[in-house]
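Each remark here refers to the structure printed beneath this line.
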Amino acid sequence: MLEFMDYVQSAFYAGSRWNTDNSYASLTAATTNLLDFRTPNGVRLHVSSLSSPNFATSYTLGNKGVVDGSFSFLFSNLGVKVASRSSAVYLGHLVRGYRHLQALRKPEDASAWETVVDGKVVQMRDALLYGRMYLPGSTLEALYLRRISPSRLLSIRAVSGAQLPHGGTLLAQLQNDQGKYTTEYLCSTDSALLGFRGLYNFGYDPRDQNSQLDSSAPAHPWDHKSGRLSVGAEAYFSPMNKSGGLSTGLRFTTLPVHTGIPYTMTLTLNPLMGNLSSSYAVKAGSDLSLCTRFDFNVYSYESDVTIGLELWRRESSTAWARKMLGSAWRTAPRPTGEGAFVSSDFVTKQEDATGVVKARMSAAGKASLLWEGRVKELLVSVGAGFNMKSTTRALGSVGLEVSYSS
Amino acid sequence: MAFNFNWSPLIADTERVRAMLTTALNKSPKPPIIVDDILVNELNLGPTPPDLEILEIGDLAEDRFRGIFKMSYTGDAYLTLKTRVQANPLNTYLSTKPSFASPQPLAASSGLTIPLQITLSDIRLSGFVILVFSKQKGVTLVFRNDPIESLKVSSTFDAIPFVREYLQRTIENQLRVLFMEDLPAIIHKLSLRMFNPEYQALEEIRSQAAEAVQPRIDPFADSSAETMGGERTPADGEATETYASFSQKNLLRLAALSESQRTLSLFTPAIRDTVYRAWATAADRGQGMSGYSTPNPRIATLSRLNSSFDRSATLSSTASITSGTGSHITRPSLVSNASAPTTYTLGSGRPRPHAQRKRKHRVVNLRKTAVENDASDVVSQSSGYDDSISASESRSKEESSSVTNPSNQIPSVLREGEVSTPPRSPKKIVGFTTDKADGVASSSTPSRRPITPLHKVIQPPDDDDPTPRASMVLPAKENEKRPQRQHLPRMQTLPSRPKGELYRSHSEVKLPDLSNAFNEGSTGGILEQAWMMKMASEIARRVAEEKSGGERWRRTSDGGTSTGGDAPPAYAS
């Protein structure tokens with residue numbers, strides 16, 4: 001489950017019309033959502049509030065150590081219009097599962113961001129400021145986002161703590177989204193790490209006025225008309241350590257126009273370390289998603305297979321009535337066309353779910369189980385991790401998280 | 001002196017050494033680059049032992065040794081370690097950083113663990129080492145300086161020069177730390193395990209209990225062991241201290257002894273199986289004497305009847321022992337009074353009050369003030385002492401140190417008289433014989449306080465019983481010395497004793513009689529014994545004179561009654 005602040009941040013992205021899917025970092029987003037979910041550890045309580053569309057606060061209290069906690073504040077000059085009450089928030093927006101990628105759009109015109117204020121042309125720049133303080137350890141996290149242009153996003157992240165080397169770290173990221181391809185440049189003060197990420201989408205080029213989204217039936221299942229093939233790469237280099245990293249990846253995902261079962265296939269490769277990872281995620285039904293991943297190392301022959309599933313439990317009070325609806329009324333009205341922007345994070349297709357169960361199991365013996373849902377007006381997340389191969393401790397970690405927001 | 005190295009036992013026991021070395025290497029937190037535990041694959045100490053050159057020997061005995069050596073090793077020992085390391089530097093770098101500000105690469109930080117085997121060979125050591133060996137405590141080896149001169153590190157990454165140099169540097173540094181800090185502990189534990197099977201058994205019990213065991217208390221370091229001579233008998237009934245050098249009782253007695261010497265306490269603990277310097281001179285004379293009489297005078301020099309601390313357990317035990325053995329008590333049982341059930345004790349079953357340093361009045365008035373019954377004298381003595389004891393009961397803290405009160409136990413009185421009394425002028429004994437009345441009168445009151453009534457002087461040996469006894473003879477001997485005694489300066493500060501009686505001397509004189517009277521012991525050497533005791537008491541008194549000087553002064557503060565006009569001059573103290 002997304003924390004409240006992450007939820008507000010994704011609402012900021014959506015309100016600022018930023019495509020979070022179009023990045024190499026989210027190449028395997030569907031797989032990581034289904035297989036690498038985080039299980040709570042210990043007991044934690046979240047109390048959050050969106051006091052105004054511009055300001056959000058959140059407090060957490062946990063039992064790590066004796067007591068640990070944090071409080072955070074978020075400010076955005078873009079009003080975040082999203083349901084924030086824990087009794088009303090759509091669970092599908094909080095719990096990330098299989099993602100349908102949103103359509104590619106060409107970057108907006110700079111004129112779209114101009115408004116006239118008092119007769120002067122002012123460029124609107126959406127910005128977000130976020131700070132979080134962890135109490136027992138006195139660690140401070142800070143985030144600054146700014147949409148410096150319709151196709152650029154600058155994010156500066158910082159962590160400051162006494163126990164950290166050099167007192168903290170600063171990471172600056174500049175993302176450039178041109179629709180067909182995206183590039184990211186990042187640098188970190190920690191050992192002067194420099195990084196570059198790039199993603200290229202084959203097929204439809206939203207910038208090309210002539211090419212329209214072909215709505216004819218695909219000639220074969222691999223036709224990229226109903227699917228999108230993306231390839232990307234990343235590279236990191238640290239002049240201080242004289243070390244770095246490199247990886248490349250490939251993804252094919254089906255678009256919403258695809259008539260069959262939506263699926264996503266990814267393949268990532270680390271040529272320096274010889275790591276190979278391939279995954280296959282499928283949305284088997286409206287409430288069920290499955291995913292498998294196979295990791296292999298060509299140098300050390302280490303391998304692992306992970307299987308995960310996600311099962312949604314919907315309210316069934318009005319399900320029978322919905323089945324009787326005509327096809328035209330079945331889905332909630334959505335704006336269509338290239339101009340319309342619907343963030344894939346905030347697609348509301350069905351009535352809300354009451355709970356979701358996630359499970360994963362790996363060949364190395366590690367298994368996890370998670371249930372997230374709404375109880376009364378609280379959002380509850382219960383999870384446990386198991387280690388089947390361990391003889392001493394079969395139950396790794398158990399946790400409970402309760403969240404309330406207003 | 002030469003050193004003979006038996007190098008093989010250490011090599012033979014490599015299994016345990018390997019286990020301990022593995023534990024030591026994995027104890028400290030490992031850097032993130034090391035993914036798995038560090039295992040010791042192979043350890044071979046090589047055929048050549050290190051060269052040791054003796055620089056200094058600090059302590060040398062049959063079962064312990066300490067010395068400083070200059071050690072140099074140029075042998076063929078080698079050590080092989082096995083572990084797994086992380087080959088992706090980005091992985092190790094990012095794993096230690098907070099995830100909020102990490103770039104979170106998609107796949108560039110995926111890990112690759114590589115098994116690594118490192119062999120350390122061609123080890124050259126040279127340094128100063130302090131080696132302490134003791135049979136009970138094992139071997140301890142401490143390096144004064146950093147001993148590693150050079151070593152060769154070869155690993156599975158030898159083909160990559162960068163990695164090879166990095167490994168060489170890192171491992172050399174780690175080994176220096178290991179030698180200086182961890183190796184002494186390992187060797188110590190290993191030696192304890194080998195030399196002391198009890199330690200081994202105990203260690204197993206410890207490991208089973210999985211509890212932190214308190215460190216063994218070695219009460220006295222090696223240095224003090226020499227002062228104690230050979231007193232390393234294991235404590236009686238104390239099996240827990242399997243390799244304790246000292247018996248608990250002896251330790252306590254020694255502490256009491258040192259304290260008494262420091263604080264002028266009148267109590268001196270009885271220490272068995274000891275040899276005192278003062279015995280040397282008296283030993284010539286006392287060859288044929290019974291056990292209890294011979295050591296008495298010697299013990300008297302060192303021991304004080306008054307006990308000021310609670311050693312009741314030990315003292316009473318010794319008391320019981322002494323009393324049990326009757327006349328064969330080989331040491332002055334100061335405590336015996338408390339628990340002595342012998343008939344010698346007259347009305348003394350109760351615990352003795354103590355802290356009677358001031359009470360002890362060891363001056364016996366040898367002038368004859370009255371001729372009385374031995375028994376009556378004894379009774380009076382005892383009663384007097386009882387009174388004094390009761391009087392001083394309130395003051396005493398120690399019951400068992402009633403040992404110091406000799407009155408209640410006649411036979412031990414003599415011993416105690418020797419033991420506890422401050423030095424007396426031997427001449428008082430002398431005077432005792434000639435002036436029996438004085439002696440009797442003077443010695444009649446054993447009281448240590450002015451309050452105690454002055455009883456009749458202790459009866460001189462002569463009594464109505466015409467049977468020839470040593471007591472009859474003793475006075476004669478004492479007579480000879482009496483004139484000398486007369487010249488002794490008179491100590492005005494004698495408290496509680498009207499005539500500066502030397503009760504002890506009297507009692508000691510009487511003791512053989514009494515012991516004979518009550519005992520069916522042989523009467524053969526009584527005469528000699530009596531004379532021996534007398535001589536011994538003289539010596540004892542002389543030696544203890546200085547120490548008890550302060551006590552005399554204190555006694556005066558008790559508001560001691562004047563010693564009376566007739567009192568022989570108290571010993572000059």
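The values are calculated or read from the model by the stated rules, or taken from the named source; none is laboratory data. Remember, predicted model here, so these are calculated numbers, not experimental data. Methodologically, a virtual Cβ is constructed for each residue, glycine included, from the backbone with ideal geometry; neighbour enumeration extends over all protein chains shown.
In the stretch A:247-281, the residue that is surrounded by the fewest Cβ atoms within 10 Å (Cβ to Cβ) out of those that are part of a loop (DSSP other than H, G, I, E, B) and within 14 Å of another protein chain (Cβ to nearest Cβ) is A:Pro271. Filtering the stretch A:17-45 to residues that are assigned to a loop (DSSP other than H, G, I, E, B) and among the hydroxyl-bearing types (Ser, Thr, Tyr) leaves A:Thr20, A:Ser23, A:Thr28, A:Thr39. Scanning the stretch B:61-114 for residues that are aromatic (Phe, Trp, Tyr) and within 14 Å of chain A (Cβ to nearest Cβ) gives B:Tyr93, B:Phe100. Identify all residues within the stretch B:59-76 that are of a type in the set (Gly, Ala, Ser) and part of a strand (DSSP E or B); write none if there are none. B:Gly67, B:Ser72, listed by residue number.
Filter the stretch A:301-315 down to the residues that are touching a Lys or Arg at 6+ places or on another chain (Cβ under 9 Å) and among the acidic types (Asp, Glu), then identify the one that is nearest to A:Met273 (Cα to Cα). Per the criteria, the residue is A:Asp304.
The set of residues from the stretch A:227-246 being more than 12 Å from chain B (Cβ to nearest Cβ) and buried (at least 20 other Cβ atoms within 10 Å of the Cβ) comprises A:Gly227, A:Arg228, A:Ser230. Among residues of the stretch A:24-35 that are within 13 Å of chain B (Cβ to nearest Cβ) and more than 14 Å from A:Ser247 (Cβ to Cβ), those with a beta-carbon under 6 Å from a residue that is surrounded by 22 or more Cβ atoms within 10 Å (Cβ to Cβ) and of a type in the set (A, V, I, L, M) at least six positions away or on a different chain give the pairs A:Thr31/A:Ala281. Please go through the stretch A:219-257 and give me each residue that is at pLDDT below 90 and polar (S, T, N, Q), ordered by number. Once the filter is applied, which keeps residues that are at pLDDT below 90 and polar (S, T, N, Q), the stretch A:219-257 yields A:Ser226, A:Asn241, A:Ser243, A:Thr254.
If we keep just the residues of the stretch A:45-69 that are over 20 Å from A:Phe12 (Cα atoms) and among the polar types (S, T, N, Q), which is nearest to the chain's Cα centre (by Cα)? Restricting to residues being over 20 Å from A:Phe12 (Cα atoms) and among the polar types (S, T, N, Q), the top hit is A:Thr60. The residue list A:Ser72, A:Ser76, A:Ser10, A:Ser16 contains one member that is within 14 Å of chain B (Cβ to nearest Cβ) and under 22 Å from the mean Cα position of the chain (by Cα), which is A:Ser72. Select from the stretch A:145-200 the residues that are in a strand (DSSP E or B), of a type in the set (S, T, N, Q), surrounded by fewer than 19 Cβ atoms within 10 Å (Cβ to Cβ) and more than 12 Å from every other protein chain (Cβ to nearest Cβ) and list them in ascending order. Hits for the stretch A:145-200 are A:Ser149, A:Asn176, A:Thr183. Exactly one residue out of A:Val89, A:Val80 is in contact (Cβ under 8 Å) with a residue 24 or more places away in the chain, surrounded by 19 or more Cβ atoms within 10 Å (Cβ to Cβ) and in contact with a Pro (Cβ under 6 Å, 6 or more places away or on another chain), and it is A:Val80.
Of all residues in the stretch B:77-110, those satisfying the criterion of being out of contact with any strand residue (DSSP E or B) (no Cβ under 8 Å at 6 or more places or on another chain) and either assigned to a loop (DSSP other than H, G, I, E, B) or small (Gly, Ala, Ser) (or both) are B:Ser95, B:Thr96, B:Ser99, B:Gln104.
All of (1) touching a helix residue (DSSP H, G or I) at 6+ places or on another chain (Cβ under 7 Å); (2) within 30 Å of B:Lys152 (Cα to Cα); (3) free of Cβ contacts under 8 Å to residues at least 40 places away in the same chain hold for B:Gln86 with one exception: (3). Going through (1) away from every other protein chain (no Cβ under 14 Å); (2) under 30 Å from A:Tyr236 (Cβ atoms) one by one, A:Phe55 falls short only on (2). Set side by side, the residues B:Thr74, B:Thr83 differ, and just one is more than 30 Å from A:Val159 (Cα to Cα) and crowded, with 18+ Cβ neighbours inside 10 Å, which is B:Thr83. Check B:Phe128 against each of (1) within 14 Å of chain A (Cβ to nearest Cβ); (2) of a type in the set (A, V, I, L, M, F, W, C); (3) more than 26 Å from A:His166 (Cα to Cα) and name the one condition it does not meet. Here B:Phe128 clears every test but (1). Counting the residues of the stretch A:288-307 that are in a strand (DSSP E or B) and exposed (fewer than 14 other Cβ atoms within 10 Å of the Cβ) gives 2.
Of all residues in the stretch A:83-98, those being within 12 Å of A:Phe346 (Cβ to Cβ) and touching a strand residue (DSSP E or B) at 6+ places or on another chain (Cβ under 8 Å) number 3.
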